[in-house]
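The values are calculated or read from the model by the stated rules, or taken from the named source; none is laboratory data. Just so it is clear, the structure is predicted and the values come from calculations on it, not from any experiment. As a convention, Cβ positions derive from the backbone with ideal geometry for all residues, glycine included, and neighbour counts pool all protein chains shown. Note: areas computed on protein heavy atoms with side chains; ligands, DNA, RNA excluded. Shrake-Rupley method; radii C 1.70, N 1.55, O 1.52, S 1.80 Å.
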Amino acid sequence: MTSSLAAQLTVTTPIDLSAYDSRATTGFEGKKADAAEQLAEMGDELSDLQERLFAGGRSGVSKTRILIVLQGMDTSGKGGIIRHVAGLVDPQGLAISSFKQPTPAELEHDFLWRIRRGLPDPGTIGVFDRSHYEDVLIARVRQLAAPEEIERRYNAINKFEKEFTDSGGVILKCFLHITSEDQKERLAARLDDPTKHWKYNSGDLDERMLWSDYQHAYAVALERCSPEHAPWHVVPSGRKWYRNWAVASLLLDELRNLHLEWPDADYDISVEKARLAGL
């Protein structure tokens, strides 16, 4: 099921985001309650495979690591994925990074400098809440860099991701697709609920005014940076429950494809048992 899901969600060029249904339930048969049940069932296998991944990295026998890149407009659910999907695995094998506006110190370096510092170690699942793609999205929309520099960055991103996968890394890139109407509804819900006021940022409205510009910037980035070794997946995110199920399914599929095994002991088990028995 998940292999076909990845194929259905993978970006093919050219792309027109307005043609994507944000409330689609691609690859899923059932209702909201069924998705929640399946997500819970996936938790045990995700946890087991992640522990195998972590054990391989910790023991030094494997360089494999996974990077989940989450991109999407405000309210698309990046935090929800971290809470409901990444939260299914052991936190000691999880590394979460969030890339906001660069600091003055970060601006002194190439745009990928801070990204490299946030890459997961062997055996770890890293999650980027926003990522290096901000530098070809907001930088393009807000004209924070010259057109020729933006063009250079697409190529730099492709090279950077190829280096990561060549070194034993696996990249799962998910664009959480919502519509302008979806976002308006979610922003209104935050304003109506005192427990969500802290999540509201008036600056989101400034970015919302540039919705069409961002959609174009995303389309270009998805087209330019979706090679076979690191493809983009457009995940319909108008239904939160489907979004969570889909990303969890994609992650589970990536872990299964690694055929992870427990590392062999680097000591004589019988000798250690005898020593323990004598203590």
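Stretched out straight at 0.36 nm per residue, the stretch from residue 159 to residue 196 would grow longer than its current Cα-Cα span by 9.4 nm.
Residue 241: net charge of surrounding residues, Cβ under 15 Å, Lys/Arg +1, Asp/Glu -1, itself excluded?
Numbers: positive: 23, 31, 32, 83, 186, 239, 240, 243; negative: 29, 34, 37, 41, 182.
With Lys, Arg at +1 and Asp, Glu at -1, the net is +3.
How much length, in nm to one decimal, is gained on full extension between residue 92 and residue 253, taken as 0.36 nm per residue of separation minus their Cα-Cα distance?
Details: separation 161, 0.36 × 161 = 57.96 nm, distance 2.12 nm.
Working it through step by step, the gained length comes to 55.8 nm.
Just flag the GluC sites (Glu not before Pro) in segment 1-88 sitting in loop per DSSP whose Cβ has no more than 16 other Cβ atoms within 10 Å. Mind dumping the intermediate values first?
Details: sites: 29, 37, 41, 45, 51; in loops: 29.
Counting only loop positions with at most 16 other Cβ atoms within 10 Å, the GluC sites (Glu not before Pro) in segment 1-88 are 29.
Show me the ranking of peptides 199-208, 84-93 by mean Cβ neighbours inside 10 Å, starting with the highest. Could you put the intermediate results ahead of the total?
Working: 199-208: 13.0, 84-93: 17.6.
Packing order, densest peptide first, comes out as 84-93, 199-208.
Computing the accessible area with a 1.4 Å probe over protein heavy atoms, can you report the carbon and sulfur percentage for the chain? Intermediate results must be reported in sequence, preceding the final value.
Working: 7320 of 14530 Å².
Percent of accessible area from carbon and sulfur atoms in the chain: 50.
The separation of segment 61-126 from segment 1-46, counted between C-alpha centres, amounts to 22 Å.
The overall shape of segment 126-211, judged from the alpha-carbon gyration tensor, is oblate: a/c is not under 1.5, and a/b is no greater than b/c.
Assign one of three labels to segment 75-181, namely rounded, prolate or oblate, based on the Cα gyration tensor with a ≥ b ≥ c the square roots of its eigenvalues; rounded applies when a/c is under 1.5, prolate when it is not and a/b is larger than b/c, and oblate otherwise. Cα axes put segment 75-181 in the oblate bin. Against the chain, whose longest principal axis is taken from its Cα atoms, helix 32-59 shows a tilt of about 50°. For the chain, the relative contact order is 34 percent, taking Cα pairs closer than 8 Å that sit 6 or more residues apart in sequence and dividing their mean separation by the residue count. The GNM of the chain, with springs linking C-alpha atoms under 10 angstrom apart, assigns the highest mean-square fluctuation among 269, 15, 82 to 269.
For the chain, the Kirkwood radius over C-alpha pairs fed into Stokes-Einstein at 37 °C and 0.692 mPa s yields D = 163 µm² per second.
According to the square roots a ≥ b ≥ c of the eigenvalues of the Cα gyration tensor, what is the shape class of segment 1-107, taking rounded for a/c under 1.5, prolate for a/b larger than b/c otherwise, and oblate for the remainder? In terms of gyration-tensor shape, oblate. Dipole magnitude for the chain: computed about the Cα centre from +1 point charges on Lys and Arg Cβ and -1 point charges on Asp and Glu Cβ, it is near 460 debye.
Segment 141-200 and segment 204-279 have their alpha-carbon centroids 15 Å apart.
How charged is the neighbourhood of residue 141? Take every other residue with its Cβ under 10 Å from the Cβ of residue 141, and add Lys/Arg as +1 and Asp/Glu as -1.
Numbers: positive: 140, 142; negative: 207, 213.
Counting the neighbours of residue 141, the net charge comes to 0.
Neighbours of residue 204 by Cβ distance under 11 Å: Lys/Arg scored +1, Asp/Glu scored -1, total +2.
What angle, in degrees between 0 and 90 and rounded to the nearest 10, separates the Cα long axis of helix 180-192 from the longest principal axis of the Cα atoms of the chain? Rounded to the nearest ten degrees, it is 80.
For 197, 132, give me the order by solvent-accessible area with a 1.4 Å probe, most accessible first, ignoring ligands, DNA and RNA. Provide the component values of the computation, followed by the final result.
Numbers: 197 90, 132 0 Å².
If we order 197, 132 from most to least accessible, we get 197, 132.
These residues, 242, 20, go from largest to smallest accessible area, 1.4 Å probe, as 20, 242.
Sorting 223-235, 250-262 by their mean Cβ neighbour count within 10 Å, with the most densely packed peptide first, gives 223-235, 250-262.
Accessible area per residue of the chain at 1.4 Å probe, in Å²? Walk me through the intermediate numbers first.
Values: 14530 Å² over 279 residues.
Ligands and nucleic acids excluded, the result is 52 Å² per residue.
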